[in-house]
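Written below as structure tokens is the structure these notes are about.
The values are calculated or read from the model by the stated rules, or taken from the named source; none is laboratory data. Computed from a predicted model, the values in this text were never measured in an experiment. Please note: Cβ atoms are built from the backbone with ideal geometry, for glycine as well, and neighbour counts cover all protein chains shown.
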Amino acid sequence: MIKKTIVLLSLLLTTFALHGQEEASSAFQYKNSVQLELAGPTVIYSLNYERILWNGNRFKTAAQAGISYYPPSTGMRDIWIPIGINEIFSMGRHHIEAGLGYMPIIEANRDENNEPIDWYWNNLITARIGYRYQKPDGHLILRDAFTPVLELESLSSGDSFHPLGGLSVGYSF
């Protein structure tokens, strides 16, 4: 009777121990992040917020919005607002990203003193394909991507496509 009880308890404990050996999930533990992107669709820099909308083990969907401001003395367009959605294919801590976006730009016509006369909008379409390093339970995000831009207002002139690339560093929370 004692032997049968010991064998039964051993089988039960072994079953629980084997059940605890399942593969860890590669879904992101943290769904929000802030990222500083150098270059990319905003040419020099942007500060972005990202939210994971769907967080599966292999596939994830993320929405991202950001902002970039350039003072009038730079000669660049004033305010850039990149908005996009990315699909993320995960292989542990290594990920492939692909996405599309829309980027309104607020610009000003300026007088000889560099003061704004009037403001207007430009519209750009953006894309992203790249590599992302992020541990499923980690805070650090590193990204490298090809981020081409298509200017809708310049489609007829032929100067509408800009092949750009960017690097990002971020913190997930």
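Tabulated data
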{"read-out": "Only listed residue being in contact with a strand residue (DSSP E or B) (Cβ under 8 Å, 6 or more places away or on another chain), over 16 Å from Trp80 (Cβ atoms) and either at pLDDT 95 or above or not basic (Lys, Arg) (or both), chosen from Leu155, Leu142, Leu164", "value": "Leu142"}
{"read-out": "Hits in the stretch 126-149 (condition: of a type in the set (A, V, I, L, M, F, W, C), surrounded by fewer than 16 Cβ atoms within 10 Å (Cβ to Cβ) and under 14 Å from Gly99 (Cα atoms))", "value": "Ile129, Phe146"}
{"read-out": "Any pair with Cβ under 6 angstrom, 6 or more apart, that starts in the stretch 24-35 at a residue that is under 22 Å from Ala65 (Cα atoms) and ends at one that is exposed (fewer than 13 other Cβ atoms within 10 Å of the Cβ)", "value": "Ala27/Asn57; Tyr30/Phe173; Asn32/Arg51; Asn32/Phe173"}
{"read-out": "Selected residue [of a type in the set (A, V, I, L, M) and closer than 30 Å to Gln29 by Cα] from Ala62, Ala108", "value": "Ala62"}
{"read-out": "Considering residues of the stretch 39-71 that are of a type in the set (Val, Ile, Thr) and in a strand (DSSP E or B) only, the residue nearest to Ala108 (Cα to Cα)", "value": "Ile67"}
{"read-out": "Checklist (1) in a loop (DSSP other than H, G, I, E, B); (2) modelled with pLDDT under 95; (3) surrounded by 10 or more Cβ atoms within 10 Å (Cβ to Cβ) applied to Leu13, failing item", "value": "(1)"}
{"read-out": "Among the candidates Ser68, Ser154, residue that is free of Cβ contacts under 8 Å to residues at least 24 places away in the same chain, in contact with a Ser or Thr (Cβ under 6 Å, 6 or more places away or on another chain) and not aromatic (Phe, Trp, Tyr)", "value": "Ser154"}
{"read-out": "Residues of the stretch 76-133 satisfying the condition of being among the acidic types (Asp, Glu) and farther than 17 Å from Ala62 by Cα", "value": "Asp78, Glu107, Asp111, Glu112, Glu115, Asp118"}
{"read-out": "Every residue from the stretch 78-115 that is within 17 Å of Val43 (Cβ to Cβ), part of a loop (DSSP other than H, G, I, E, B) and touching a Gly at 6+ places or on another chain (Cβ under 9 Å)", "value": "Ile81, Pro82"}
{"read-out": "The listed residue being in contact with an Asp or Glu (Cβ under 7 Å, 6 or more places away or on another chain), under 21 Å from Asn48 (Cα atoms) and surrounded by 12 or more Cβ atoms within 10 Å (Cβ to Cβ), out of Ile106, Ile83", "value": "Ile106"}
{"read-out": "Residue match in the stretch 122-129 (condition: small (Gly, Ala, Ser), in contact with a Leu (Cβ under 9 Å, 6 or more places away or on another chain), at pLDDT 95 or above and assigned to a strand (DSSP E or B))", "value": "yes"}
{"read-out": "Residue check, Glu115 of a type outside the set (A, V, I, L, M, F, W, C) and under 18 Å from His162 (Cβ atoms)", "value": "no"}
{"read-out": "Residue among Ile117, Ile96 that alone is loosely packed, with under 13 Cβ neighbours inside 10 Å and in contact with a strand residue (DSSP E or B) (Cβ under 8 Å, 6 or more places away or on another chain)", "value": "Ile117"}
